[in-house]
Amino acid sequence: MSFDDLRSLASRQFGLFTAAQASRYGVHRSRVHTLARRGELRLVRRGVYAFEVILPDAHEELRAAWLTLDPAKTVAERLQGDECAVVATRSAAYLHGLGDFVSYAHEFFVPFRKQSRAEDVHIRKRTLPASDIEVLEGMKVTSVTRTVLDLLADGEELEHVADVLMSAVKKDVKVDWVRIEQSTQDFTKVYGLTGSEIFDQLSDPRDASLEDRLAYRYAICSALDPEWITSFQEQMTKHLQGSASPQQTVSSNVAPLTGQLQQVIDEGLEPIRRDMKKILATGLVRGEAEDE
C-alpha cells in the first residue's frame, strides 16, 4: 500500500487517520512525523492526523478522541464489530445536537475495561443492547433515549436534561417517552425525588416559549396517551368541519380557555396526563385559529 491509499482511507473517515493506521498502510511513523513538521499534515491530537486540505469541523476533536481508543482499526472495521467505543452522556447529547451541555471531556462507553492516558477522555465500562446504539456522524453513539437515561443516572440538572428532550422534540427525533417515564423511579436516590416528581420536572421546561411548551407536552401526551389524542383529534375535526364559520367557532372556544391555560402554565403540571388535556385542547384550538 502507499501514501495515496492512506489518503483514500482518511477521506472515508472524516479526513482523519491514526499513526497506527498509517503503519498498516505501509507508511512509517517517521514519515508521518516529517510530513507533519513540514505542514503537509495537521496533528489533531496525539497519534491522530489530518491532511491539511481537510478543514476541521465541530466534531473533529470528538472523532479524533474516538479514533485513539482503537487506533489500528479503520472506522469501517469498528462499526462492524461489537467492541467499538460508543459516544455517551454529555458527548452524546453534543453529537446529537441536543441541549446546551458544556463538556470538557470526551465521554465513551466500552464493553470491557479500558483506560486512556488523555485527561480529556473519560471511559466507562458499559454493555449496551443494540437498540440503544446508533451510528451518527460516522461514530457509534447512544440513542437519544439512552442518553437521557444516562444523564439522569449521572445526576445532571433536570432542567438541562429537559432541554435535551425539548431539543429532540423540535428536531422531530424519536424519544421513547414510555421508557423514560417508567425509568424515572430508578433515579429517586440520585435526586431525592419520587419518579413522578422527576418526570414532572422533565415535562415542564419553564424557560421555553408557550408555543414550544405546547408542542413539547403534545409530544409527551401523544406517546403516553395515544388513544386519547386520537379521540380528541377526531372530535376537534368534526367540530370544526360542522361549523359554518370555523374561525368564529375557534374564537368563541379560545376566550374562556385562555385564562385557564395561563394558570396551568404558571402553576406547572401535576400530573401531566391530567393538565396536559387542558393545555392540549387550548393549544390545538389556537393552532387551528392561526391556520385559518
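The values are calculated or read from the model by the stated rules, or taken from the named source; none is laboratory data. Being a predicted model, the structure only gives us computed values, none of them experimental. Neighbour counts are summed over all protein chains in view; Cβ atoms, including those assigned to glycine, are modelled from backbone coordinates with ideal geometry. The accessibility values were calculated without ligands, DNA or RNA, using every heavy atom of the protein model including side chains. Shrake-Rupley method; radii C 1.70, N 1.55, O 1.52, S 1.80 Å.
Key figures for this structure:
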| item | result |
| --- | --- |
| Checklist (1) among the hydrophobic types (A, V, I, L, M, F, W, C); (2) open to solvent by 40 Å² or more (accessible area, probe 1.4 Å); (3) within 27 Å of Leu43 (Cβ to Cβ); (4) in contact with a helix residue (DSSP H, G or I) (Cβ under 7 Å, 6 or more places away or on another chain) applied to Val141, failing item | (2) |
| Elements of type strands (runs of 3 or more DSSP E) contained in region 78-174, each with 2 or more residues being without any contact (Cβ under 8 Å) to a residue 24 or more places away in the chain | 121-125 |
| Count of region 65-95 residues which are open to solvent by less than 30 Å² (accessible area, probe 1.4 Å) and in contact with a strand residue (DSSP E or B) (Cβ under 7 Å, 6 or more places away or on another chain) | 13 |
| Test: residue in region 5-12 that is without any contact (Cβ under 8 Å) to a residue 24 or more places away in the chain, touching a helix residue (DSSP H, G or I) at 6+ places or on another chain (Cβ under 8 Å) and more than 26 Å from Gln115 (Cα to Cα) | yes |
| Residue in region 54-72 that is of a type in the set (S, T, N, Q) and farther than 16 Å from Gln21 by Cα present | no |
